[in-house]
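Okay, structure first, notes after.
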Amino acid sequence: MEDWREAKTLEELYEAIKDCTRCELGKGRTHMVFGVGNPEAEIMFVGEAPGYHEDLQGKPFVGPAGQFLDQLLRSIGLSRDQVYIANTLKCRPPDNRDPLPGELERCTPYLFKQIEIISPRLICTLGNHATKTLLRTSVGITQLHGKLIRKDDLVYVPLFHPAAALHKPPLKAVLVEDFQKLGKYLEEERRKWEKAAKEPVRVEVEPEQMGLF
């Protein structure tokens, strides 16, 4: 496939962009970290960018932060193979520095295409960069964490990044509590979707005009 925008599946998208060098990060990576999980996931998690372990293995959240994320998922009855996990950037920035505006500009269209293909019921933004990028806001994660936000026909729940919680112990309890809220939000969204699926589709029919005899 020559144009990644035409991709209908995650496999097609990956094949179209796996050799991407639209920014300098593509030239220094070990592996592109495309994303992993259920291609029909109800819930999608979006972090900032790959780190050292992710760059080596080509998978997101495989280090200590990933182990903590797995624990958080289990706390609300989910496993990694039930969700989808990706990042705003698909290549590791040097020394794990913050993503640059130009890098985000070139890479996030791939992420939005993933969201379009997966069509999740909830998108969890992990950390400041993912939250500000996807919600297109200047408001930080400290103010938005744990809240359900509807924007552009999508439903978001911003959360602190698991890595930040590991480095700052007080945030760990906050993230655990926010995940319990997330579990409740997901159940609410499921009920709404089930109700909508059961409602009959109404079709407006124009009344026929009577002819003249």
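Summary value for the chain: 20 percent relative contact order, contacts being C-alpha pairs under 8 angstrom separated by 6+ residues.
Quote the FRET efficiency, to the nearest 0.05, computed for H167 versus S75 with a Förster distance R0 of 25 Å and r equal to the Cβ-Cβ distance. For H167 and S75, the calculated efficiency is 0.80. With R₀ set to 45 Å, the beta-carbon distance separating Q180 from E12 gives a calculated FRET efficiency near 0.75. Computed over neighbours whose Cβ is under 12 Å from that of L122, the net charge equals +2, Lys and Arg +1, Asp and Glu -1.
Of the trypsin sites (Lys or Arg not before Pro) found in region 116-167, the ones in coil according to DSSP and having at most 13 other Cβ atoms within 10 Å of their Cβ are R136, K147. Mean-square fluctuations from a GNM of the chain, with a 10 angstrom spring cutoff on Cα atoms, peak among D55, D152, D70 at D152.
For the cross-link pairs K151/K195; K18/K59; K147/K192; K113/K151; K113/K168, the ones whose C-alpha atoms lie over 24 Å apart are K113/K168.
How charged is the neighbourhood of G146? Take every other residue with its Cβ under 13 Å from the Cβ of G146, and add Lys/Arg as +1 and Asp/Glu as -1. Combined, the nearby Lys, Arg, Asp and Glu give +1.
FRET efficiency for the D3 to K151 pair, using the beta carbon distance and R₀ = 22 Å, is estimated at 0.20.
Spin-label model, Q57/Q82: points 7 Å from Cα along the beta carbon direction are separated by 2.1 nm. Local charge for Y52 was computed over the other residues whose Cβ lies under 11 Å away, with Lys and Arg +1 and Asp and Glu -1, and equals -2.
Coordinate-derived values only; no laboratory data. Everything quoted here is computed from the prediction, not taken from an experiment. For neighbour counting, all protein chains shown are included, and Cβ atoms are generated from backbone atoms with ideal geometry for every residue, glycine included.
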